[in-house]
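Working notes, beginning with the structure itself.
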Amino acid sequence: MNVTVIGTGYVGLVTGVCLAHIGHQVTCLDVNLEKISLMREGKSPIYEKDLETLMHQNKTRLTYTTDYKLAYSQADVIFIAVGTPSNPDGSANLTYIYEVADQLATHLDHDCLIVLKSTVPIGTTLQLHTYLLQHLLHPIHLEVAFNPEFLAQGRAVKDTLTASRIVIGTESESAQKQLTELYCRFNAPIVYTNWASAELIKYASNNFLALKISYINEVANLCERIGADIEDVATGMGLDPRIGKHFLQAGIGYGGSCFPKDTKALYHLTKQLDEAFRTLKATIDTNEAQVLRLINRIPTYYPSYKDLTIAILGLTFKPDTDDLRDAPSLSNVKFLLQQGATLRAYDPVGMPNYQKIYPKEITYCSSIKHAIKDADLCLIFTEWQEIKSFDVSQFALLMKKAIILDGRNCYTLSQFKDLPVVYSSIGRTTLNQL
Ligand code: UDX
């Protein structure tokens, strides 16, 4: 089939490249010429494992363009994968979706299936369908579907090619049939629903995962008070197949482009509907508090931030991505800078993006050792493999005072046996060996 994907962010580009990989002819459309030029050279504008390799392997089936008329002219199926950022009140901003809708309504001159892939508030597919029909310039037949994605950054290609499920939300048999054909070479279970259910599956899945994280984080906080160990507790819970071991990793809270935004967007919607979604509110509140849990411990060790040199290991919201959206490091760094601390940071891939936000306020270091050298304190915000495999004896050797506050439980307590350090993590005993 001829497929056009509008928007070449994580969702759009990965979807486009994976659809090309299973044999479709795909045009990736974006307004950003810089990104399009990069992709034409075979380079991915995002840091995502295996993406460039697949772009290269399938280059004869992939076209990148900013020319929307060209992109729409041959398409049998058009995916909308533009951003839906948060408004200040937490609701989803649909401006980009409706800009695309205007363009489609004006320029489409042949029958086509429009597939909404961006995460949108419940009811948006219906509204978009109505809007398109009202604004169509040409007498054509348009079908609309909602088809959410469940890919996680850092493993987006794998998550797409070996999807846990494909959700096809339609209100007509022909749209359902066309999407089934499009995806037939993906070997994944397909869930057929109407528009509203498909929209809710996306939100409910993300929010359930966020709830699971907030829950385990509160269990971890309790562990600290009663002398329990969250790693043991999570293992003991996760072996129950009804609970499952995934998303029980306690830490300083979730970040990223989805969980913070989607929890707030669904909460906003439920408030409008006068439905008290109490667990959702609790998830959001818990996460906001959890993100600041480490820095609240700093006054235990130092009376003032003014003369402190703090090493920060890990800036991105999780490993294997250069994405900083809602990364827990951000609110912590903002606070520490306001307090007058001196910051030295290291992240394997996140530093160029961080430099765009804080060009001069932070010293960016070339290695973990470089960052912790002579520091008074070390904060860990992301569990990069490089940080997890770091030789912990170096903290004691290189830091001025080896106080390590680990927000991602990168090390076992036994690794610090006999070392002159303070090691304070999430949901475990603090080692005070200085
Ligand atoms: C998430 C969903 O996993 C994905 O299905 C959806 O399509 C988009 O949102 P992503 O945001 O890329 O994907 O990352 P994910 O791996 O889910 O992690 C999100 C955040 O939760 C990260 O900050 C991570 O550190 C945190 N997290 C995750 C935990 O704190 N504990 C866990 O056990 C798992």
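What the Cβ-Cβ distance of residue 349 and residue 34 gives, at R0 = 22 Å and to the nearest 0.05, is a FRET efficiency of 0.70.
Take every Cα pair under 8 Å in region 338-434 that's 6+ residues apart, average their separations, divide by the length, and report that relative contact order as a whole percent.
Working: 138 pairs, mean separation 20.6, N = 97.
In percent, rounded to a whole number, it is 21.
Where only protein heavy atoms count, and the probe is 1.4 Å, what is the accessible area per residue for the chain in Å²? Walk me through the numbers on the way to the answer.
Numbers: 19590 Å² over 434 residues.
Accessible area per residue, the chain: 45 Å².
Taking the Cα centre as origin and putting +1 on Lys and Arg beta-carbons and -1 on Asp and Glu beta-carbons, what dipole magnitude results for region 324-408, to the nearest 20 debye?
Working: 11 positive and 9 negative charges, 39 e Å.
So the dipole magnitude of region 324-408 works out to roughly 180 debye.
From its DSSP helices (H runs of at least four residues, each -39,500 (n - 2.57)), the chain gives a residue-normalised ellipticity at 222 nm of -12000 deg cm²/dmol. Once the Cβ-Cβ distance of residue 196 and residue 141 is raised to the sixth power relative to R0 = 35 Å, the FRET efficiency obtained is 0.95.
Quick check: net charge around residue 76, other residues with Cβ under 13 Å of its Cβ, Lys/Arg +1 and Asp/Glu -1? Walk me through the intermediate numbers first.
Values: positive: 177; negative: 111, 143, 181.
It works out to a net charge of -2.
The stretch between residue 103 and residue 164 holds 18.6 nm of extra length on full extension. This uses 0.36 nm per residue minus the Cα-Cα distance. Taking Cα centre as origin and charging only the Cβ of basic (Lys, Arg, +1) and acidic (Asp, Glu, -1) residues, the dipole magnitude of the chain rounds to 1000 debye.
Charges at C-beta only: +1 for Lys and Arg, -1 for Asp and Glu. How large is the resulting dipole of region 242-326 about its Cα centre, in Debye rounded to 20? Could the numbers behind the result be given before it?
Numbers: 12 positive and 10 negative charges, 58 e Å.
For this selection, approximately 280 debye.
Between the DSSP loop rule and a limit of at most 14 other Cβ atoms within 10 Å, which trypsin sites (Lys or Arg not before Pro) in region 186-279 are left?
Working: sites: 202, 212, 225, 242, 245, 261, 264, 271, 278; in loops: 242, 245.
Here the trypsin sites (Lys or Arg not before Pro) that fit, given the DSSP loop and packing criteria, are 242, 245.
Just to be sure I understand: with springs between alpha-carbon atoms less than 10 Å apart, which residue in 183, 72, 423 has the highest mean-square fluctuation in the Gaussian network model of the chain? Maximum among the listed residues: 183.
Rounded to whole Å, give me the distance from the Cα center of region 406-427 to that of region 207-257. Cα centres, region 406-427 to region 207-257: 18 Å. Shown in residue order for region 89-103 are the 3J(HN,Hα) couplings computed by the Karplus curve 6.51 cos²θ - 1.76 cosθ + 1.60 at θ = phi - 60°: 8, x, 6, 7, 8, 9, 3, 5, 4, 6, 4, 5, 4, 4, 4 Hz (x for Gly and Pro).
Of 360/400; 35/281; 281/360; 369/417; 306/369, which sit over 32 Å apart, Cα to Cα? Walk me through the numbers before you get to the answer.
Working: 360/400 23 Å; 35/281 37 Å; 281/360 37 Å; 369/417 20 Å; 306/369 23 Å.
Cα-Cα > 32 Å for 35/281; 281/360; rest within.
Within the accessible area of the chain, what % is carbon and sulfur when the probe is 1.4 Å and the other protein chains stay in place? Could the numbers behind the result be given before it?
Details: 10430 of 19590 Å².
Reported share for carbon and sulfur atoms: 53 percent.
The values are calculated or read from the model by the stated rules, or taken from the named source; none is laboratory data. What you see is a predicted model, and the numbers here were worked out from it, not measured in a lab. Glycine gets a Cβ as well: all are built from the backbone with ideal geometry, and neighbour counts include every protein chain shown. The protein model used for the area step is the full one, side chains on, heavy atoms only, and it has no ligands, DNA or RNA in it. Shrake-Rupley method; radii C 1.70, N 1.55, O 1.52, S 1.80 Å.
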